[in-house]
Amino acid sequence: MTYDLVVIGGGPAGMAGAAAAALAGLRVALVDGGPRLGGQYFRHPHSAEPLRGRFPRLRAAVAGRATVLARHRVWTVQREDDLLAVHCLAGERDERPRTVRGRRLLIATGAHDRSLPFPGWDLPGVLTAGGAQALLKGDRVVAGRRIVVAGTGPFLLPVASGLAGAGADVAGVYEANRLTGIARRARPAPAKVAEATGYALELLRHRVPFHAGQAVIAAHGDTGLTHVTVARLDRDWRPLATRTVECDTLAVGYGFLPQLDLPVQLGCATRPGVDGSPVVEVDAGLRTSVPGVYAAGEATGVGGADLAEVEGLLAGRTVAMDLGRTARPAPALARRRRRLTAFAEALLRAYPVRDGWRGWLSPGTLVCRCEEVPYARVLEARDLGALDSRAIKLLARPGMGWCQGRVCGYAVACLMGEAPQPPRRPIAQPIRLGDLADQPEETP
Amino acid sequence: MKHETEFEISFDGGPVPARQGQTIGAVLHAAGIRSWRTTRFGGRPRGLFCGIGVCFDCLVTVNGTPSLRACQTEALPGDEVTSG
């Protein structure tokens, strides 16, 4: 069967988009790689679905109206005349290819942690901040006994307070930026102030120290993490004084990178976001530059769950209108989107990544974890005449491994002094050659 | 809250407790097993890093099937996980 709309991504943006479009009378399929709806923000354990808040409301709005295809990982999207074909791998261990077709496509693929390399960052016990949060929210596993939380951005606070609340000894939160004047510049809504205050109180209650202008610049241990080097930073993130902090776990993240593989495959125009990383360009109705393709949530710029949900609602309505359904104008929703976008952009400006992190690297520091490319080999390739990250990749292989540069691509671009480029990955998920050759079955 | 089934999986032959719905990566990490493969060149130990299916550091062999992402693969009763 052919759907009016296929939504890719079951987080706040995708759920809201699917619900809005289905309420307007469209036949909607919602595709997600995970075992249940929610994405990263609404991640919850198998046995404890949230009963209050926005998730149950969104889920109720989706349920019965849209076809939910969980455990469907999209590896490529193609145009087929008037339709868009979403090619998935369904299942987990016994995955099989399946294709879902729609007249319109909404991309709500979210974001993942932005990582910076530093000595020892591939030691077991070093996790991304999002990874530690996913363990806690999805599996109810506290990532370690004594945990350091580090990096930059407002996300470090819920991670640290969640871990402390779950019984971990959080040795400290190390926020690389100094955050002077942030409240004045970002002008947060009262609800956001209350949320931040809640985290701060939780940290206070558990006596977790918060250090602004400091970072973890090295991780140490033999077969696993035993301690980290923490540095006080100057404005450009160059280390001033250092000290050692013992810990068995480090949760580290420097903001987020939107997942843009699919919109780039389709040729959707991108632009540099406020933080320099590419985002999908959309109009006020969340239409991308490619007819029939829409984007909502982090793909259009990292802005958090509230903004993602609003964009999803707007996108779902736009799709309905574009397919000839009547939808009443929603000026309040559009205003809310503008306000939340302004707030998100102010936060991105308040939590930049400064160049000084490059000075944390030693020649042996792995830049690419998959291909085990040390910083020295990146410099060597540059000396051999590789002038941009593409040439570096061909000569020294960073970004050629399993993750296809998702983890190191940002850092490699920065090391080459260039702006991060939109990803060119014709295959967004690993697929067996046999599956690639087979004709997939239609879903459902 | 739904009833939460508890069961065991094995890691290199030893028993590891698991709860229904947990990923293999979460089960191992919770049991203090933080590394289950070594890298091709440097023989460096690797386990969970991104935790959400992006980095592929946590690749694992389950019941003989290689290269599964531990953080994306739900643990099932009796799973035999082997390090590599």
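The values are calculated or read from the model by the stated rules, or taken from the named source; none is laboratory data. If you're wondering where the values come from, they're calculated on a predicted model, not measured in any experiment. All Cβ positions, glycine included, derive from the backbone under ideal geometry; neighbour counts span all protein chains shown.
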Filtering the stretch B:56-68 down to residues that are closer than 19 Å to A:Asp94 by Cα and assigned to a loop (DSSP other than H, G, I, E, B), which residue is nearest to the other protein chains (Cβ to nearest Cβ)?
B:Phe56
Would you check which residues across the stretch B:17-55 are part of a strand (DSSP E or B) and either crowded, with 24+ Cβ neighbours inside 10 Å or more than 9 Å from every other protein chain (Cβ to nearest Cβ) (or both) and list them?
B:Pro17, B:Ala18, B:Thr23, B:Arg37, B:Thr38
Output the residues belonging to the stretch A:1-37 that are away from every other protein chain (no Cβ under 12 Å), within 20 Å of the chain's Cα centre (by Cα) and either part of a loop (DSSP other than H, G, I, E, B) or without any contact (Cβ under 8 Å) to a residue 60 or more places away in the chain (or both).
A:Gly9, A:Gly10, A:Leu30, A:Leu37
Scan A:Ala411, A:Ala344 and give me the residue that is within 14 Å of chain B (Cβ to nearest Cβ), assigned to a helix (DSSP H, G or I), in contact (Cβ under 8 Å) with a residue 12 or more places away in the chain and buried (at least 16 other Cβ atoms within 10 Å of the Cβ).
A:Ala411
Residues of the stretch A:165-207 that turn out to be among the hydrophobic types (A, V, I, L, M, F, W, C) and either not assigned by TED's automatic domain parsing to the domain that holds A:Ala231 or not in a helix (DSSP H, G or I) (or both), as a count:
8
Taking the stated definitions as given, is A:Val353 part of a loop (DSSP other than H, G, I, E, B), within 11 Å of another protein chain (Cβ to nearest Cβ) and among the β-branched types (Val, Ile, Thr)?
no
Which one of A:Val126, A:Val170 is away from chain B (no Cβ under 14 Å), crowded, with 24+ Cβ neighbours inside 10 Å and either closer than 30 Å to A:Thr223 by Cβ or at pLDDT 95 or above (or both)?
A:Val170
Given the criterion without any contact (Cβ under 8 Å) to a residue 60 or more places away in the chain and closer than 13 Å to B:His29 by Cβ, identify the matching residue among B:Leu68, B:Leu48.
B:Leu48
Can you find a residue that is over 29 Å from A:Leu233 (Cβ atoms), of a type in the set (Val, Ile, Thr) and in a loop (DSSP other than H, G, I, E, B) anywhere in the stretch A:277-289?
yes
Is there any pair linking a residue in the stretch A:195-216 that is farther than 24 Å from A:Asp306 by Cβ and in contact (Cβ under 8 Å) with a residue 24 or more places away in the chain to one that is among the polar types (S, T, N, Q) and surrounded by fewer than 15 Cβ atoms within 10 Å (Cβ to Cβ), with Cβ under 9 Å and at least six apart or on different chains, and which?
A:Ala212/A:Thr180
Select from the stretch A:195-240 the residues that are at pLDDT below 95 and of a type in the set (Ser, Thr, Tyr) and write down the one among them that is surrounded by the fewest Cβ atoms within 10 Å (Cβ to Cβ).
A:Thr197
Elements of type strands (runs of 3 or more DSSP E) in the stretch A:49-119, at least 1 residues being surrounded by fewer than 20 Cβ atoms within 10 Å (Cβ to Cβ):
A:66-69, A:72-80, A:83-90, A:96-107
Kindly establish whether A:Val148 is under 26 Å from A:Leu286 (Cα atoms), part of a strand (DSSP E or B) and under 22 Å from the mean Cα position of the chain (by Cα).
no
In the stretch A:378-399, which residues are surrounded by fewer than 23 Cβ atoms within 10 Å (Cβ to Cβ) and either touching a strand residue (DSSP E or B) at 6+ places or on another chain (Cβ under 8 Å) or among the polar types (S, T, N, Q) (or both)?
A:Arg397
Would you mind finding the one in A:Ala308, A:Ala284, A:Ala295, A:Ala344 that is more than 30 Å from A:Val412 (Cα to Cα) and not β-branched (Val, Ile, Thr)?
A:Ala284
Would you confirm whether any residue within the stretch A:211-222 is among the aliphatic types (A, V, I, L, M) and within 14 Å of chain B (Cβ to nearest Cβ)?
yes
Of A:Gly138, A:Gly162, the only residue that is in a helix (DSSP H, G or I), among the small types (Gly, Ala, Ser) and crowded, with 24+ Cβ neighbours inside 10 Å is A:Gly138
